[in-house]
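S.K.: Here it is: the structure, laid out below.
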């Protein structure tokens, strides 16, 4: 059992590193070739903005933005991918689409919403809620650890002025809650 668990963890770390690495590849390609990919973010309530539901989590405004998102994203993805009881592919898909669609509906129309923070907020809430719903000590301990490490970031769902998409954060959190309920009840 311990060998299988360590194998799952190794696979989870590799997959998480690959996905986060993909964010860096996209950022570098966009920078080198001046592709202007950030225009493919979520532009709320526009037909073209629907494309952003698929692409916005892959796009970042700056290297600092990418770094700020990639570290928590890597950790949270590794946790979710390390246990099949979290239904990792389905969970990631539900959070990705749910947070994007929600941001498209409620987001500020004068902004292009980009970044993987909506996924981060979704995974944080997902792991905390599943800690209760799964009724296992392991998931409860993970939920507590996630709360202590990332709990204060949840303040980012509150409305505020500035360039950060609190709408994406709020919709990510809501999508994480919905994914947890959908997967575990």
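S.K.: Could you check residue 137 against (1) surrounded by 15 or more Cβ atoms within 10 Å (Cβ to Cβ); (2) at pLDDT 95 or above and say which number it fails?
M.R.: Here residue 137 meets the rest and fails (1).
S.K.: Still on this structure, I have one more. Residue by residue through the stretch 15-45, note down the ones that are touching a residue at least 24 places away in the same chain (Cβ under 8 Å) and outside any helix (DSSP H, G or I). Walk me through it before giving the result.
M.R.: Residues of the stretch 15-45 that are touching a residue at least 24 places away in the same chain (Cβ under 8 Å), as a first pass: 15-17, 19-20, 22-24, 26-27, 30, 38-39, 41-45.
Hits for the stretch 15-45 are 41, 42, 43, 44, 45.
S.K.: Name the residues in the stretch 28-45 that are exposed (fewer than 12 other Cβ atoms within 10 Å of the Cβ) and either under 27 Å from residue 106 (Cβ atoms) or in contact with a helix residue (DSSP H, G or I) (Cβ under 6 Å, 6 or more places away or on another chain) (or both), would you?
M.R.: Matches in the stretch 28-45: 36 only.
S.K.: List every residue pair whose Cβ atoms lie under 9 Å apart, where the two residues are 6 or more positions apart in sequence or sit on different chains, the first residue falls within the stretch 46-68 and is part of a loop (DSSP other than H, G, I, E, B), and the second residue, located anywhere, is at pLDDT below 95.
M.R.: Listed by first residue and then by second, the contacts come to 46/109; 61/163.
S.K.: From the set of residues in the stretch 160-173 that are over 18 Å from residue 76 (Cα atoms) and in contact with a helix residue (DSSP H, G or I) (Cβ under 9 Å, 6 or more places away or on another chain), which is surrounded by the most Cβ atoms within 10 Å (Cβ to Cβ)? So that I can check it myself, show each step before the final result.
M.R.: At the first step, the residues of the stretch 160-173 found to be over 18 Å from residue 76 (Cα atoms) are 160-167.
Those left that are additionally in contact with a helix residue (DSSP H, G or I) (Cβ under 9 Å, 6 or more places away or on another chain): 160, 164-167.
Working: 160: 9, 164: 15, 165: 25, 166: 20, 167: 23.
Top of the filtered list is 165.
S.K.: Kindly check whether there is at least one residue in the stretch 142-159 that is surrounded by 14 or more Cβ atoms within 10 Å (Cβ to Cβ), in contact with a helix residue (DSSP H, G or I) (Cβ under 7 Å, 6 or more places away or on another chain) and under 22 Å from residue 52 (Cα atoms).
M.R.: yes
S.K.: Taking the criterion of being out of contact with any helix residue (DSSP H, G or I) (no Cβ under 8 Å at 6 or more places or on another chain) and under 30 Å from residue 136 (Cα atoms), would at least one residue in the stretch 88-100 satisfy it?
M.R.: So in the stretch 88-100, the residues out of contact with any helix residue (DSSP H, G or I) (no Cβ under 8 Å at 6 or more places or on another chain) come out as 89, 93.
Then keep just the ones that are under 30 Å from residue 136 (Cα atoms); that gives 89, 93.
Looking through the stretch 88-100, at least one residue is out of contact with any helix residue (DSSP H, G or I) (no Cβ under 8 Å at 6 or more places or on another chain) and under 30 Å from residue 136 (Cα atoms).
S.K.: Please go through the stretch 88-116 and pick out each residue that is over 30 Å from residue 9 (Cβ atoms), part of a helix (DSSP H, G or I) and out of contact with any strand residue (DSSP E or B) (no Cβ under 8 Å at 6 or more places or on another chain). Quick ask: steps written out before the conclusion?
M.R.: We begin by selecting, within the stretch 88-116, every residue over 30 Å from residue 9 (Cβ atoms); these are 101-114.
Checking which are part of a helix (DSSP H, G or I) leaves us with 101-106.
Listed by number, the residues that qualify are 101, 102, 105, 106.
The values are calculated or read from the model by the stated rules, or taken from the named source; none is laboratory data. Quick caveat: nothing in here was measured; it's all calculated off a predicted structure. Methodologically, a virtual Cβ is constructed for each residue, glycine included, from the backbone with ideal geometry; neighbour enumeration extends over all protein chains shown.
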